[in-house]
Amino acid sequence: MRPLSASPLKDLETRARSAEIMARARALFPGGVNSPVRAFRGVGGEPIVAARGEGARIWDVDGKEYIDFVLSWGPLVLGHASPIVLDALERTMAEGTSFGMPTELEVQLGELIRARMPHVEMMRFVSSGTEATMSAVRLARAFTGRDAILKFEGCYHGHADSFLARAGSGVATLGLPDSPGVPAALASLTLTAPFNDLDAAKGLVKRTKRGIAAIIVEPIVGNSGFIPPDRGFLEGLRALADNAGALLIFDEVMTGFRIAPGGARERFGVTADLTTLGKVIGGGLPVALYGGRRDVMERIAPLGPVYQAGTLSGNPLAMAAGLATLSTLTAALHTKIEKRTAALVKGLQKIGVDLGVPLEAGHAGSMWGFFFTEKPVRNFADAKASDLELFRRFFRAALDRGVYLAPSPFEACFMSAAHGDDEVGTALERMREALEDAIA
Ligand code: HOZ
């Protein structure tokens, strides 16, 4: 791998090629993008257009280099263009790209996931996190015979109708708390409580006469920035679900294989009835799953009556990329990435202290984030009360210096196995300069 550029990329030149491509994109795609969070609306300015990636770095179409902490919004835990993943793809591709039939690869990936997350006794592969959460809730409704669900403000569970209520991620970034097009009758079945507010959750469950089918939560929020649960919050949700006869769903699309080798159950000792996974389990290809208790999953067709299907579900290329990624991501490698993430976060905190800027940063495993604020962020309201304008200035100054952070204060960042000490050190130097610039 080539070394990082010797001097920081204080890049104030125009990104002419990116701008030209985005102008063409705007004639084709709403806002010029195929997913809203890519549009830089949360930080201003033009998105950079990616040309290629290698390890911890990406290059845009103008040839500028960036240390990447977005990593395709999480999946690339081995870094960009990992030779391990590319080899697996090449080998698999030679045998065909899609069958719409059972393959051994999907069994191998399923077995590997179940070995790391034994509570995922039975699972169904799908192609996106939205499919996974949407299907998990349909299953919970069928299993319990109830319609209402409880979610938490600022958590994002994909864009299915039931979840577009006080959602995080792009919905929060664009300030669209709810979405037109969701039937009012369906929206009324989604109850929302503030994250980390167990009493509010209990009150809602108590007041819901027809009962709650599922409580769904990101065990660590990644879609309003990085927000960990208070001690006892997840345990409290487990007890609440049990008392109410509801299913507890951990949406681990972001946290899965990031916050611990075995996910939230390993990190917090709380077991969900159903778990959704995505991102890392596909190693950069479109894979997600929902799974959990066998007695619940047995309700899925063709074993049971709850219908859910997909032509490309369990696609062999996607399975091969996931298998290569998870086989490489051993507990030892996880620990190594976690240590570097801790060093990065500590370095960022020190920059805040040195420059007298109130900054709260945190991490779990290889997932991390920060807010410009004086007090710990426990929920979406706290996240919104942080200094969003300073975030924007800092983001742009970091981008100009070759550090690519999530382009919204309401998203988490990530690290990969390819982020070595050099990348961490260089990123910190550049972020120090960027913050100096942002507060000048
Ligand atoms: N929601 C994902 C992470 N917060 C990003 C994917 C997307 O919405 O494009």
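Quick notes on this one:
- Sites matching GluC sites (Glu not before Pro) across segment 63-122 that sit in DSSP coil, with at most 12 neighbouring C-beta atoms within 10 Å: E95
- Each pair of Cα atoms in segment 21-143 enters the Kirkwood radius, and Stokes-Einstein at 20 °C and 1.002 mPa s then converts it into a translational diffusion coefficient of 118 µm²/s.
- In the chain, Cα pairs under 8 Å separated by at least six residues give a relative contact order of 23 percent.
- For the chain, the fraction of alpha-carbon pairs in successive 10 Å shells from zero, as %: 4, 22, 32, 27, 13, 2, 0
- Cleavage-rule hits (GluC sites (Glu not before Pro)) in segment 315-390: DSSP loop, at most 13 neighbouring Cβ within 10 angstrom: E374
- About its Cα centre, the chain has a charge dipole of approximately 820 debye under the convention of +1 per Lys or Arg Cβ and -1 per Asp or Glu Cβ, with nothing else charged.
- Solvent-accessible area per residue in segment 102-206 equals 42 Å², computed with a 1.4 angstrom probe and all protein chains kept.
- Shape category assigned to segment 176-244 from the gyration tensor of Cα positions, a/c cut at 1.5: oblate
- Dipole of segment 1-152, positive end: most advanced residue of M22, P102, S82 [Cβ charges, Cα centre]: M22
- Exposed loop sites here are chymotrypsin sites (Phe, Trp or Tyr not before Pro) assigned a DSSP state other than H, G, I, E or B and surrounded by at most 13 other beta carbons within 10 Å; excluding them, the longest clear run of the chain is 100-306.
- ³J(HN,Hα), Karplus 6.51/-1.76/1.60, whole Hz, each residue of segment 377-386, x for Gly, Pro: 9, 10, 7, 5, 4, 4, 4, 5, 7, 6
- Placing unit charges on the Cβ atoms of the charged side chains and taking the dipole of segment 143-223 about its Cα centre, the candidate lying farthest along the positive direction among A201, F152, V171 is A201.
- The charge dipole of segment 220-301, taken about its Cα centre with unit charges on the Cβ of Lys, Arg, Asp and Glu (plus for the first two, minus for the last two), comes to roughly 180 debye.
- Paired Rg and Dmax values of segment 313-440, which use every Cα atom, in angstrom: 16.3, 52
- As a ratio to 2.2 N^0.38 Å, the alpha-carbon radius of gyration computed for segment 193-318 takes the value 1.13.
- F125 long-range amide H proximity, modeled H, under 5 Å: none
- Note that segment 158-209 shows a convex hull volume over its alpha carbon atoms of 83 Å³ per residue.
- Estimated dipole of segment 318-372 in Debye, rounded to 20 [Cβ of Lys and Arg +1, of Asp and Glu -1, Cα centre]: 180
- When the C-alpha to C-alpha distance is required to be over 19 Å, the pairs from K151/K202; K279/K339; K151/K375; K202/K384; K64/K339 that qualify are K279/K339; K151/K375; K202/K384; K64/K339.
- Gain upon complete extension [A440, E121; 0.36 nm per residue less C-alpha separation]: 109.4 nm
The values are calculated or read from the model by the stated rules, or taken from the named source; none is laboratory data. Treat the numbers as computed from the prediction; the structure is a model and nothing was measured. Heads up, the Cβs are rebuilt from the backbone with ideal geometry, glycines too, and the neighbour counts pull from every protein chain shown. Surface areas here come from the heavy atoms of the whole protein model, side chains and all, with no ligands, DNA or RNA. Shrake-Rupley method; radii C 1.70, N 1.55, O 1.52, S 1.80 Å.
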